[in-house]
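To start, the structure itself, in structure tokens.
The values are calculated or read from the model by the stated rules, or taken from the named source; none is laboratory data. Since this is a predicted model, take the numbers as computed values, not measurements. Cβ: placed from backbone, ideal geometry, glycine included. Neighbour counts: every protein chain shown.
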Amino acid sequence: MSAPATAGNVYTPKVILLTGGAGFIGANVLIHLAQTYPDYRLICLDKLDVCSSVNNFSPIKNNPQFTFVQGDICSADLVRHLIQMYDVDTIMHFASQTHVDNSFGNSIHFTESNVKGTHTLLESVKSCGSQIKRFIHVSTDEVYGEQDADSNRSREHETPLNPTNPYAATKAAAEFIVKSYRSSFNLPTIITRGNNVYGPRQYPEKLIPKFTNILSRGGSCPLHGNGKNRRSFLHVEDVARAFDIILHRGITGEIYNIGSEEEFENIDVLNRLIKIFRKKYPACLNPSLPDSHYVTFVRDRAFNDFRYHIDSSSLYKLGWQRKENSLDVGLEKTVEWYMQNPTHWPNIEGALAAHPYLLPDIKGIAASSAVAPIAEQLILQASASPPAVVSPPASGSKALKWLIFGHKGWIGGQVLDALKTSRPQDEILLASARADDEVGVEQELLTLRPDRVVSLIGRTHGPGFTTIDYLEQKGKLRENVRDNLYAPVCLMYLAQKHGIHYTYLGTGCVFTYDAEHPLGGEPKNGFNEASLPNFFGSGYSTVKGFTDRLFHLMGNQSLNVRIRMPITADDGPRNFVTKITNYKKICSISNSMTVLPDLLPIMLEMAARKEVGTVNLCNPNPISHSQILQKYKEIVDPNFKWEEFSIEEQNKILAAERSNNCLSTARLQQFAPNVLPIDKAVEKVLHEMAARRKAGAGKQ
Ligand SMILES: NC(=O)c1ccc[n+]([C@@H]2O[C@H](COP(=O)([O-])OP(=O)(O)OC[C@H]3O[C@@H](n4cnc5c(N)ncnc54)[C@H](O)[C@@H]3O)[C@@H](O)[C@H]2O)c1
């Protein structure tokens with residue numbers, strides 16, 4: 001194959017296939033190459049994962065030398081086709097699943113993209129004979145594993161690979177495959193291992209852009225562990241220059257560390273960011289609150305390497321020099337970029353979470369269709385026990401004090417139970433002031449000094465009615481506005497005034513299917529957290545829609561939780577399953593729904609971690625009434641029969657229309673990646689209902 005280049009021997013590519021170019025580093029390298037070498041043909045292959053965006057390469061999108069192809073590196077046919085069609089001679093392989101936190105959840109897709117994807121690329125290169133002259137494989141310093149305070153810098157050929165987290169393990173596995181293709185087939189490979197990179201265009205799930213975005217919203221930043229872990233940071237422009245040099249001057253068969261000499265503790269980086277905001281963007285932070293208000297220590301990662309300390313002398317020998325030597329200057333430029341480009345990454349609330357929230361493995365298994373049958377059995381065994389509660393509390397060992405408004409209600413009672421089970425170390429206080437009594441509430445906040453306020457108040461029914469038709473009666477608008485708008489907004493205002501995190505349980509029944517979000521459309525295209533309410537068919541939804549908007553107007557500093565058609569395992573009249581099994585006829589339409597025992601613990605975890613903004617708290621995917629009733633018949637009552645009627649017939653017997661919609665659960669899934677989809681969650685709840693009835697606590 002190609003003759004090995006030697007230092008001084010400058011390689012000149014003609015057509016580069018760059019994978020992962022809609023991601024952070026890939027895009028910055030693409031822009032650098034396009035602007036520095038206008039003759040190079042650049043083909044970008046990216047599957048456009050959550051962390052990527054076509055906005056990332058917008059500065060070069062109209063460059064005639066640039067072509068973007070949306071696709072997966074795991075598709076050998078596509079890769080081979082691109083290599084042949086564009087006469088590619090060089091591959092720069094950045095595509096990867098990269099977020100360590102996510103790799104602690106379901107990391108199989110890390111193996112898919114990072115190991116199988118790399119292997120597929122190598123096979124495609126091999127099958128194209130000697131066409132590819134240079135294959136740069138982008139790896140990470142994390143493959144070396146943890147180092148202690150006294151360790152020497154890791155060197156490319158001397159330090160053994162010892163990855164300690166699933167992300168790093170997949171990157172090390174990929175490296176070994178690259179090396180084997182070098183030794184077995186003489187492929188012209190080069191491997192790079194980089195330190196942490198920061199700068200413009202990075203998806204805000206990594207430390208620096210995440211903290212920048214949280215501070216720009218006036219929020220408190222979740223710092224893992226004690227914040228003392230050390231990291232070295234490189235500005236992405238320096239990294240782009242490093243790849244430029246490795247592309248042209250790197251020696252095939254070599255490995256290059258790309259690192260910085262300085263190390264910073266994570267807490268130090270956060271303090272520097274707070275300082276930048278205080279100086280340059282003072283309006284974002286409250287001047288009367290101390291800096292410590294913007295730091296929240298949270299439970300550490302499952303494993304958090306203390307430091308990665310690497311030796312980059314081989315790269316220096318090629319002629320690389322860092323220009324962005326001062327972290328403070330690089331951070332200032334980065335913050336400025338995010339402040340000037342607030343819409344570059346829309347809908348990032350989920351990415352700002354401290355950790356993705358991992359439900360017990362058993363549920364994760366169920367979410368994967370490949371092993372569903374076994375998982376289903378496990379779920380059935382598990383369903384007799386109370387709702388499993390999840391990972392250790394996010395707020396470390398510190399017990400929190402919760403003040404609950406609306407604890408006497410149906411959902412209020414369930415929230416108290418979920419709190420007691422999931423956070424036994426915490427203190428629960430029951431509010432005595434009415435939520436619409438501003439003076440009484442403020443007094444209570446000042447005397448009790450809670451860490452979290454949760455509001456479960458609202459008006460959904462009343463004497464003579466189990467449904468929102470109650471609110472359609474003459475004279476009920478005042479009650480509706482007081483309990484569904486004024487009181488929750490009052491609480492939000494007062495909690496914000498006193499710097500206390502506030503969670504409001506609202507509703508997703510403020511939308512109706514429309515042309516952009518049609519019935520039967522892709523669930524991921526459902527109404528998202530930024531969508532504007534478009535359903536005003538009932539007094540309830542109209543008022544709730546305005547409350548939803550007021551959260552946005554108040555700067556999204558609280559957590560606004562939208563639930564829909566709540567389902568539980570009990571036989572109470574408010575349970576959506578009880579309602580539809582008691583109706584004479586049902587109008588079956590697909591809808592997003594909330595299985596409360598599954599999702600309330602997640603809501604509390606979000607509150608504990610001071611998540612803010614709106615979240616659609618529904619199980620993924622919509623489900624119809626008749627699908628639920630069919631499962632009810634199979635699991636709970638084999639004799640059950642039901643009749644259906646049309647929406648027009650239904651409207652004749654209701655005082656108000658009902659909202660039907662599908663909500664996007666992308667934010668929720670980002671926070672809790674293995675949350676059960678609605679069909680599995682409903683089955684689980686129905687098994688519990690059947691077990692309860694069998695045990696005698698059945699239908700009254
Ligand atoms: N960011 C850092 O601090 C850092 C440090 C060292 C090494 N690295 C390495 O640099 C590379 C780029 O990192 P980044 O920070 O730009 O990551 P990123 O997450 O911003 O970008 C990764 C890109 O890969 C794409 N991708 C993922 N799987 C794919 C697949 N199967 N097919 C096609 N495209 C796919 C994604 O859509 C995304 O655009 C990665 O290989 C990473 O391991 C990053």
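A few notes on this one:
- Reported count of residues in segment 175-191, each being in contact with a Lys or Arg (Cβ under 9 Å, 6 or more places away or on another chain) and either within 24 Å of Val29 (Cα to Cα) or not in a helix (DSSP H, G or I) (or both), is 6.
- Sole exception among (1) modelled with pLDDT under 95; (2) within 23 Å of the chain's Cα centre (by Cα); (3) within 23 Å of Ala353 (Cα to Cα) for Gln496, by number: (2)
- Output for segment 141-189, where each listed residue is among the basic types (Lys, Arg) and surrounded by fewer than 22 Cβ atoms within 10 Å (Cβ to Cβ): Arg153, Arg155, Lys179, Arg182
- Given (1) over 27 Å from Gln627 (Cβ atoms); (2) hydrophobic (A, V, I, L, M, F, W, C); (3) at pLDDT 95 or above, index of the condition Met565 fails: (1)
- Residue match in segment 84-92 (condition: crowded, with 16+ Cβ neighbours inside 10 Å and closer than 27 Å to His344 by Cα): yes
- Ser180 being of a type in the set (Ser, Thr, Tyr) and within 16 Å of the ligand (Cβ to nearest atom): no
- Evaluation of Ser558 against (1) over 25 Å from Arg693 (Cβ atoms); (2) more than 30 Å from the chain's Cα centre (by Cα); (3) of a type in the set (Ser, Thr, Tyr) (one fails), failing number: (2)
- Flag for Ser646 being assigned by TED's automatic domain parsing to the domain that holds Gly520, out of contact with any helix residue (DSSP H, G or I) (no Cβ under 8 Å at 6 or more places or on another chain) and among the hydroxyl-bearing types (Ser, Thr, Tyr): yes
- Residue satisfying condition, being in the same structural domain as Gln97 (by TED's automatic domain parsing), among the small types (Gly, Ala, Ser), surrounded by fewer than 21 Cβ atoms within 10 Å (Cβ to Cβ) and touching an Asp or Glu at 6+ places or on another chain (Cβ under 9 Å), within set Gly199, Gly194, Gly227: Gly227
- Condition check for Ser58: farther than 24 Å from Asp141 by Cβ, in contact with a His (Cβ under 8 Å, 6 or more places away or on another chain) and within 15 Å of the ligand (Cβ to nearest atom): no
- Filtered by the rule that a residue be in contact (Cβ under 8 Å) with a residue 40 or more places away in the chain, more than 17 Å from Lys133 (Cβ to Cβ) and hydroxyl-bearing (Ser, Thr, Tyr), segment 7-63 gives Thr36, Ser52, Ser53.
- Gly129 meets the conditions (1) within 13 Å of the ligand (Cβ to nearest atom); (2) over 22 Å from the mean Cα position of the chain (by Cα) in every case but one. The failed one is (1).
- All positions within segment 202-220 that are near the ligand (Cβ under 8 Å from one of its atoms) and either crowded, with 23+ Cβ neighbours inside 10 Å or not assigned by TED's automatic domain parsing to the domain that holds Gly250 (or both): Gln202
- Hits in segment 460-499 - residues which are without any contact (Cβ under 8 Å) to a residue 60 or more places away in the chain and touching a strand residue (DSSP E or B) at 6+ places or on another chain (Cβ under 6 Å): Tyr470, Pro488
To keep it simple, each residue is scored yes or no on (1) surrounded by fewer than 17 Cβ atoms within 10 Å (Cβ to Cβ); (2) assigned by TED's automatic domain parsing to the domain that holds Asn195; (3) over 22 Å from Val125 (Cα atoms).
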{"site": "Thr36", "(1), (2), (3)": "yes, yes, yes"}
{"site": "Arg41", "(1), (2), (3)": "no, yes, no"}
{"site": "Cys51", "(1), (2), (3)": "no, yes, yes"}
{"site": "Pro59", "(1), (2), (3)": "yes, yes, yes"}
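- Looking across Gly539, Gly526, Gly613, one residue alone is touching a Cys at 6+ places or on another chain (Cβ under 6 Å) and farther than 23 Å from Gly413 by Cα. It is Gly526.
This table checks each residue for (1) of a type outside the set (Gly, Ala, Ser); (2) modelled with pLDDT of 95 or more; (3) in a helix (DSSP H, G or I).
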{"position": "Arg193", "(1), (2), (3)": "yes, yes, no"}
{"position": "Pro200", "(1), (2), (3)": "yes, yes, no"}
{"position": "Glu205", "(1), (2), (3)": "yes, no, no"}
{"position": "Gly227", "(1), (2), (3)": "no, no, no"}
{"position": "Asp238", "(1), (2), (3)": "yes, yes, yes"}
{"position": "Asn257", "(1), (2), (3)": "yes, yes, no"}
{"position": "Asn271", "(1), (2), (3)": "yes, yes, yes"}
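- Scanning segment 61-91 for residues that are within 12 Å of the ligand (Cβ to nearest atom) and touching a strand residue (DSSP E or B) at 6+ places or on another chain (Cβ under 9 Å) returns Phe68, Val69, Gln70, Gly71, Asp72, Ile73, Leu78, Val79, Leu82.
- Per the conditions (1) of a type outside the set (S, T, N, Q); (2) part of a loop (DSSP other than H, G, I, E, B); (3) closer than 26 Å to Ala172 by Cβ, the sole criterion not satisfied by Val88 is (3).
- Residue check for Asn114: within 13 Å of the ligand (Cβ to nearest atom), in the same structural domain as Phe185 (by TED's automatic domain parsing) and out of contact with any helix residue (DSSP H, G or I) (no Cβ under 7 Å at 6 or more places or on another chain): no
- Residues of segment 576-610 classified as of a type in the set (Asp, Glu) and touching a helix residue (DSSP H, G or I) at 6+ places or on another chain (Cβ under 7 Å), total: 1
- Single match in Leu17, Leu42, Leu33, Leu48 (criterion: part of a helix (DSSP H, G or I) and either hydrophobic (A, V, I, L, M, F, W, C) or within 16 Å of the ligand (Cβ to nearest atom) (or both)): Leu33
- Residue match in segment 379-393 (condition: at pLDDT 90 or above and in contact with a helix residue (DSSP H, G or I) (Cβ under 9 Å, 6 or more places away or on another chain)): no
- Residue in segment 535-547 that is more than 27 Å from Asn575 (Cβ to Cβ), surrounded by fewer than 15 Cβ atoms within 10 Å (Cβ to Cβ) and not β-branched (Val, Ile, Thr) present: no
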